[in-house]
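Before any comments, here is the structure.
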Amino acid sequence: LKLSSVMSYQLVNAIHAHEGPIRSVCAFRNEKGQHQICTGCQADSPNAQKWLLNSSEGSPIEDIVADGNPAFHDHWVTALTSLSVDKSRSIYPQGCYITGCMDSKIRIFDLSDCLVATLVGHSKGIISFSWTCAGFLISGSWDGTARVWDLSTSQCVLTLTGHENGVHVLGLPDGIIATTSTGEAVNGKPANFRLRFWSASTGSLVSTPIEDHAGSIRSISAVSGIGGFVTSSNDGSVMLRSVDGQPIGSLLHSMQEDGSPPFILDCCELDSPSGMDTVSCGEDGSVMVWSGTDLQQSIPHPNTVWCVVGLRGTGGDFLTAGHDGVLRHFSRDPIKTQTAASFQLMQSLQEEVFEAQKKRKRGPSSEELAKAPRWEARGDRVNVGKSENQVMVFNKDGKMIAAQWMSGAWVEVGEVTGSSDGGNVGDAFYDHVLPVEMDTPRGVQSLKLGYNDGENPFVAAQRFIEQNQLGQHYLGEIADWIMARSGKQQPTLGAPSTATAASNASLPVPPMASSAPQQASKFSFSVRAFAVFDDMPQRGKLLAKIVEFNAENPYLVLRATDLEAIESLLQTLSDSSHYHSSSVSLVQLSVALRMLQWPVAQQFPLFDTLRLVALHPQGAEALGLHTQRGSLLSALTAVLESEEASTPFATVLTACRFVCNAFRHEAFRRVMSANSQDLLQLLHSTTRQVRHSHKLVRIAVATVFMNASFRVVQLAGSHPVEEVLTTLIASLCSLISREMDSAEVVFRALQATCTLLDHHSITVAQSDKALLASMAADLSARWSPQRLGEAPSQCLNEVRQLLAI
C-alpha cells in the first residue's frame with residue numbers, strides 16, 4: 001500500500017451516546033440544513049436516538065446534542081436509514097427515519113419520534129437498508145432474504161430469496177439490486193460468501209453470483225467516483241468494485257497480533273472532489289481512510305468500531321460508532337481541527353487506545369500466579385490430565401507456563417505472557433481459552449472458545465460460532481457468558497438458564513463508570529430496561545399441579561389432548577435458548593386460557609405459564625392478538641384488586657409477576673399499557689397489593705412500579721403523563737413508607753423514583769416533589785445505611801440529589 005501525504009483527520013467531537021454498543025448509524029439533513037444523525041444501540045434497553053450537529057455562535061466546532069426522545073425497541077437496533085425533508089415528495093414529505101431491529105420488524109418514525117408504521121415480513125433480524133432508484137426501500141435480514149417495500153402502502157412488493165444467512169443490500173442506479181451473504185457451513189467450514197445482482201422490477205437474478213471474499217461479507221456501500229461500490233468482509237479486506245461487481249482493487253487492514261485478519265464490519269464513501277475517498281472500520285478497533293486504493297490514514301480506536309458514516313457537504317467529515325457506546329466525529333477541516341479542544345480529544349483517544357493495547361499484552365497477575373498449581377505438583381492426582389492434548393497452566397519458579405497432557409504426562413509448551421487461562425485454539429493463541437459444552441442430539445460436545453483481553457465479546461462469540469458452525473442464535477448467549485465469565489461455571493449451550501436471586505427477577509445492571517466524554521446522565525440507578533421474572537419453573541411439577549386442579553373441576557375438565565397441548569407449550573417455554581425459532585400456537589393458548597374458568601385459588605399455574613408466554617417474542621404477540629385477552633385482563637384485574645384474605649398468595653404472586661413480564665415485548669405491552677390511561681388503570685389495580693403481608697408479593701409490586709416508571713419515560717412526549725406520574729409517585733411513597741423488613745422492596749421503589757426524576761422530558765409537580773422529599777426523610781429516619789445496604793443507600797442519595805436540582 002502507498003501512504004498518501006494529505007491533511008490528517010482529527011477527532012473534533014465525541015459523546016457517550018448509548019449505554020451499550022452503537023450498532024447502526026445514519027445521517028441526513030433536516031429542514032434547517034443541519035446534519036441530523038440517528039444512532040441505534042445494542043443494550044438492555046435498545047433504542048434509536050436522534051442527534052444534531054449544532055454550532056454555538058462564533059464557534060467552528062459543531063456539538064453533538066440529543067434531539068428528541070429515544071425510540072425504544074424490543075431488541076437491538078441493527079440497521080438505520082432515513083428520508084430527508086422534501087415537500088415535493090408524496091410519501092413522508094416531512095422526513096422520517098427507519099429502524100431495523102433484531103426482532104425482525106422495520107419501524108418508521110417521524111422526526112418527532114412518533115411511530116407511524118411497522119413493516120412486517122422478515123422472520124429474523126434486519127441488518128441492512130438501501131433504496132432502489134425508484135424510491136422503494138430495500139431491507140436485508142438474517143433470514144436469508146432481501147425485501148423491497150412500497151412505503152406508500154407499507155407493503156412488501158418483492159422478496160429476493162436463496163441467500164446464505166445474513167443479507168446486506170444496495171440499490172444501484174441502473175435498476176439493479178446488489179445483495180451479499182454472510183455464508184454457510186460446508187463440510188464443517190464456512191463458505192459461499194456471495195455477491196448477487198437482481199432485477200428490481202422482476203426479482204430475478206441477472207448474472208452469475210460472484211465469490212471472491214474469503215469470509216462473511218459484512219457491508220456493501222456505493223462509491224460515486226467509480227459508479228460502483230465497495231464490500232467489506234471478515235477476511236480483513238475491502239473490495240473496490242465496478243458497477244457489475246468486478247474487483248478494481250483490494251484494501252487490506254493490518255493483521256491482528258495473533259496473525260488473523262480483523263473482521264471489517266463497515267465501509268462508506270466520504271465527501272470528496274474525486275468521489276473516491278472511503279473509510280472502513282474493523283472489530284479490532286482499526287479505522288482506515290482510503291483514497292482509491294491508497295491508504296491515507298489509520299485511526300486506531302480502543303475497541304470494536306461497528307459502523308461508519310460520512311457527512312455530506314463537509315469536505316470529508318465522518319462519524320464512527322463504537323462498542324463503547326461513543327459516537328466520534330472526525331474532520332480534516334483545519335478550522336475544526338486546529339483547536340485546543342480537538343488536540344485534547346485526540347490525545348485522550350490515543351491514551352485510551354494505548355491502555356487497551358497494554359491491557360491485551362499484560363502478563364499474569366500475582367493472584368493468577370498464586371492460583372496456578374505448582375509445576376512440582378504436576379504428578380499429584382488432582383492435576384492428572386483428563387484427556388489427551390489437554391492444556392493446563394502451572395506456576396514454575398514464579399513464572400506461568402502452559403503444559404499439554406500427552407501420553408500420560410505433562411509436556412511443557414512455553415511461558416504464558418497473557419492471562420493464566422490462555423492457550424491455542426487451532427493455530428491461534430488466545431489470552432483466554434474457555435471450555436464450552438454444546439448440547440446436541442448426540443449428547444454433550446466439548447468445544448474451546450478463545451478470546452483476547454480487550455476484545456469485543458460479540459466478535460469472539462461470532463468467531464466461535466463460525467469456527468464450529470453453530471446456530472447464529474447462540475451469539476448473545478455466548479457473548480453474555482464471556483462478559484460474566486469470572487467465577488462462573490462453563491455454559492452448556494442449548495440448556496435453559498435458571499435464576500439464582502432470591503427474588504428471581506432479572507434486573508438491569510447500573511451502567512459502569514466510563515472515561516468517555518459527555519455522559520448522557522450522571523445518575524446510575526435510573527431504570528433503563530424492563531425487569532422480568534425469567535426463572536424457569538419445574539415443568540413436571542407445574543404440569544402435575546394442572547392435572548391435580550383439572551381433576552377437581554369436573555365441569556371444566558381439560559381433555560387428554562388438551563393436557564398434551566399444555567405440556568408441549570411448557571416444553572417450548574422452558575427452552576429459552578430457542579425462542580428465536582420456536583412458536584406458541586393459538587390452540588395452545590386457547591387451551592391454557594380455559595383455566596380462567598377455574599376458581600381463583602387454582603389460577604396460579606395459568607399465570608405462571610402466561611408469565612413465560614409474555615417472555616416469548618412470538619408468544620407475546622399471539623397472546624396480544626388472542627380473542628380471550630379481554631377475559632384474561634378482567635381476571636387479572638380481579639386478582640390484583642382482591643383482598644389478601646380472599647385470594648391465595650400464589651395466585652397474587654404469579655399474577656404480579658405476569659404483569660412485570662407483560663412489559664417486555666411491544667406486542668403485549670400495547671395491550672397492557674398502550675397509553676397513559678391504560679397504565680393508570682394498571683397502577684390503580686396493582687397498588688392494592690402494597691399492603692400484602694408476603695415480601696415476595698411486595699417485591700413483585702415494586703418491580704411492576706419499576707417497569708411502569710420506565711413506561712412513563714417511553715410515553716412522555718407523545719402522551720399526557722401528568723396524572724399517571726402523580727399516581728405512580730403516590731404508589732411508590734405508599735410502598736416505601738409501609739415497608740418494614742425488605743431492603744429489596746425499598747431499593748426497587750427508589751430506582752423507579754430515580755427514573756421519574758432523572759428524565760429530561762418529565763416534569764414532576766412541586767407537590768409530588770414535596771411528597772417524595774417527605775418519603776426520603778422518613779426512610780432515612782427509619783432505616784440506617786447499614787440496614788438498608790450500600791446500593792439502596794446510594795440510590796436514596798441520588799433521589800435526594802435529583803430533588804435538589
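Couple of notes before you dig in:
- Per residue, the convex hull volume that the Cα atoms of the stretch 223-359 enclose (Å³): 101
- Percent carbon-and-sulfur accessible area, the stretch 659-743, ignoring ligands, DNA and RNA, probe 1.4 Å: 49
- Surface share of carbon and sulfur [accessible, 1.4 angstrom probe, percent] for the stretch 58-127: 49
- For the stretch 1-132: accessible area per residue (Å², 1.4 Å): 39
- The spacing between the stretch 202-259 and the stretch 758-805, judged by their C-alpha centroids, is 55 Å.
- Note on the stretch 692-744: Rg/Rh from Cα positions, Kirkwood definition for Rh, rounded to two decimals, is 1.04.
- When you count the other C-beta atoms within 10 angstrom of each residue and take the mean per peptide, 699-708, 278-287, 596-605 line up highest first as 699-708, 278-287, 596-605.
- A 1.4 Å probe run over the protein chains yields, for the stretch 647-805, 36 Å² of accessible area per residue, whole-number rounding.
- The distance from the alpha carbon centre of the stretch 662-709 to that of the stretch 723-754 is 12 Å, rounded to a whole number.
- Dividing the Cα radius of gyration of the stretch 184-251 by its Kirkwood radius returns 1.00 for Rg/Rh.
- Convex hull volume per residue for the stretch 113-227, taking Cα atoms only, in Å³: 125
- Dividing the radius of gyration of the alpha carbons in the stretch 63-168 by their Kirkwood radius gives 0.97 for Rg/Rh.
- Exposure ranking of K87, K336 by accessible area [1.4 Å probe, largest first]: K87, K336
- Ordering of 617-628, 298-309, 341-352 by burial proxy (mean other Cβ atoms within 10 Å per residue, highest first): 298-309, 617-628, 341-352
- Rounded percent of accessible protein surface that carbon and sulfur make up, the stretch 532-598, 1.4 Å probe: 54
- Sparsely packed loop sites in the stretch 154-242 (the GluC sites (Glu not before Pro) outside DSSP H, G, I, E and B with at most 12 other Cβ atoms within 10 Å) do not occur.
- Sparse-neighbour loop sites [trypsin sites (Lys or Arg not before Pro); the stretch 548-639; at most 15 other C-beta within 10 Å; DSSP]: R559
The values are calculated or read from the model by the stated rules, or taken from the named source; none is laboratory data. Computed from a prediction, not measured in an experiment: that's the story for all the values here. Neighbour counts are summed over all protein chains in view; Cβ atoms, including those assigned to glycine, are modelled from backbone coordinates with ideal geometry. Protein only, heavy atoms only, side chains kept; ligands, DNA and RNA dropped before computing areas. Shrake-Rupley method; radii C 1.70, N 1.55, O 1.52, S 1.80 Å.
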